1. So if I check each of Ile62, Ile43, Ile5, which one is of a type in the set (A, V, I, L, M), outside any loop (DSSP other than H, G, I, E, B) and either closer than 21 Å to Asn172 by Cα or at pLDDT 65 or above (or both)?
2. Evaluate the following for Tyr85: is it over 15 Å from Pro171 (Cα atoms), buried (at least 17 other Cβ atoms within 10 Å of the Cβ) and among the hydroxyl-bearing types (Ser, Thr, Tyr)?
3. Given the criteria assigned to a loop (DSSP other than H, G, I, E, B) and at pLDDT below 95, does Ala29 qualify?
4. So is Ser147 under 18 Å from the mean Cα position of the chain (by Cα) and closer than 18 Å to Val40 by Cβ or not?
5. Quick one: in segment 107-140, which of the residues that are farther than 22 Å from Trp70 by Cα and among the hydrophobic types (A, V, I, L, M, F, W, C) is nearest to the chain's Cα centre (by Cα)?
6. How many residues does segment 65-86 hold that are aromatic (Phe, Trp, Tyr), touching a helix residue (DSSP H, G or I) at 6+ places or on another chain (Cβ under 9 Å) and either within 23 Å of Ser147 (Cβ to Cβ) or assigned to a loop (DSSP other than H, G, I, E, B) (or both)?
7. From (1) under 22 Å from the mean Cα position of the chain (by Cα); (2) surrounded by fewer than 16 Cβ atoms within 10 Å (Cβ to Cβ); (3) outside any loop (DSSP other than H, G, I, E, B); (4) of a type outside the set (Gly, Ala, Ser), pick out the condition that doesn't hold for Leu104.
8. Could you please find all residues in segment 146-170 being touching a Ser or Thr at 6+ places or on another chain (Cβ under 8 Å), surrounded by fewer than 19 Cβ atoms within 10 Å (Cβ to Cβ) and either modelled with pLDDT of 95 or more or at positive phi (or both)?
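The values are calculated or read from the model by the stated rules, or taken from the named source; none is laboratory data. Model, not experiment: these values are computed from the prediction. Every residue, glycine among them, receives a Cβ derived from its backbone with ideal geometry; neighbour counts consider all protein chains shown.
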Amino acid sequence: MKNLIAILLAGVTVFAKAHQGETEAPQTAYDCEHPPADAVEEIPGILGVAGGMSCLPAGPAIHADPTWIWRYTGSFFDVPTIPGYAHVDSASMLPPFYFTGLSLRELSAEEAAQRSEQLAREVETYRPAGPIARMQTIDAVNNYGRSIAIHVAMESENNGWVLVCTPNCQPNYVILIEKRKRN
């Protein structure tokens, strides 16, 4: 028993000495009241109408506007969000994560049809019921310089799809969006 206590005390002493003189840990919580000067808080295009920005401890995330319903194609329970840490490389980086750029590109009808066909071939959960009436692509860049492609493909002005590509489009990151019906 004495040996066990001696070993534990030695371990505590080594641990304390190893951390002597270390500086304070980096800031990992996002300050919602005082966002960084380079943080983008307005969402452009269709996504700005169907979505909004919420502040989370790890940083802002894009989510459904209350007048719209968002759901992942494979789930009725998970709440879809598009956080600044969505990029696959972000797993090894410390928060906070936030968007420093959200640049919009409206695709022509021909480009939208071609891109929609390509996405349907590549992503098995993207299955529009008909032709895409309008498509926009947002290049979302986070504070680590990682680019997230957000494709907004509208079948009509009231329903469509959001595909988040980080950098590749994955079946589990396809969001159905629909304008809420008024009673």
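1. Step by step, each of Ile62, Ile43, Ile5 is checked, and only Ile62 is of a type in the set (A, V, I, L, M), outside any loop (DSSP other than H, G, I, E, B) and either closer than 21 Å to Asn172 by Cα or at pLDDT 65 or above (or both).
2. Judged against the criteria, Tyr85 is a match.
3. Yes.
4. For Ser147, the condition - under 18 Å from the mean Cα position of the chain (by Cα) and closer than 18 Å to Val40 by Cβ - is met.
5. Checking each candidate, the answer is Leu107.
6. Count: 2.
7. The number of the failed condition is (2).
8. Ala149
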